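Mind looking over this structure? Questions follow.
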Amino acid sequence: MHEDARSIQFVEAGFYRDSGSHVAKIAGVGYQYKLGKRWRLGGALFGVQSETYNAGSPFIAPVPIVTYDLGTVKLNAVYMPRYGDYNPFAVLGLYFSVPLAR
């Protein structure tokens, strides 16, 4: 959405096979502060839907994200702690993202 010398604001959507072997669908907005040329630290507010989480009902969750910018792709790491019935698994996730525009 917006990028300047100090930060980046973004919209992200995707799907993945989650810890319960179901397909999770996510979409949200985020903000990251740039830590040097390649590292970013921030988070996103994601809408999530999967049979594994929250008894299959959609919900919104804050997710911390650390990113290493490889140029044309970004390597992202997220951590989501176990949280009652909403998330029965503590999760460390790694994923690549490809910007649609520069």
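Put a dot 7 Å past each Cα toward the Cβ at ARG17 and VAL91; how far apart are the dots in nm?
Label at VAL91, label at ARG17, 1.4 nm between them.
Accessible area per residue for the chain in Å², computed with a 1.4 Å probe and the full protein assembly in place, what is it? Could you put the intermediate results ahead of the total?
Values: 6760 Å² over 102 residues.
Dividing the accessible area of the chain by its residue count gives 66 Å².
So how much slack lies between ARG82 and ALA27, counting 0.36 nm per residue of separation and subtracting their Cα-Cα distance, in nm?
Details: separation 55, 0.36 × 55 = 19.80 nm, distance 2.03 nm.
Length gained between ARG82 and ALA27: 17.8 nm.
How large, in percent, is the carbon and sulfur part of the accessible surface of the chain at a probe radius of 1.4 Å? Mind dumping the intermediate values first?
Working: 4320 of 6760 Å².
Here it works out to 64 percent.
PRE reach from SER57 (point 7 Å along Cα→Cβ): which of segment 74-102 fall under 14 Å by backbone N?
Output list for this probe position: 85-87.
So, by mean Cβ neighbours within 10 angstrom, what's the order for 50-58, 1-9 with the highest one leading? Kindly include the intermediate steps, with their values, before the conclusion.
Numbers: 50-58: 15.4, 1-9: 10.8.
By packing density, highest mean first, the sequence is 50-58, 1-9.
Moving to a separate point now. Could you work out the percent of alpha carbon pairs in segment 42-100 separated by over 17 Å, rounded to a whole number?
Working: 757 of 1711 pairs.
I get 44 percent for the Cα pairs in segment 42-100 exceeding 17 Å.
Here are several values of Rg/Rh (Cα atoms, Kirkwood Rh): (1) 1.05; (2) 0.98; (3) 1.02. Which one was derived from the coordinates shown?
Computed from the coordinates, Rg/Rh (Cα atoms, Kirkwood Rh) corresponds to (2).
If we count every other residue with Cβ under 13 angstrom of GLY36's Cβ, Lys/Arg +1 and Asp/Glu -1, where does the sum land?
Values: positive: ARG6, LYS34, LYS37, ARG38, ARG40; negative: ASP69.
It works out to a net charge of +4.
The values are calculated or read from the model by the stated rules, or taken from the named source; none is laboratory data. Everything numeric in this text was worked out from a predicted model, so none of it was measured. A quick note on method: Cβ atoms are made from the backbone with ideal geometry, for glycine too, and the neighbour counts reach across all protein chains shown. Just the protein is used for accessible areas: all its heavy atoms, side chains included, with ligands, DNA and RNA removed. Shrake-Rupley method; radii C 1.70, N 1.55, O 1.52, S 1.80 Å.
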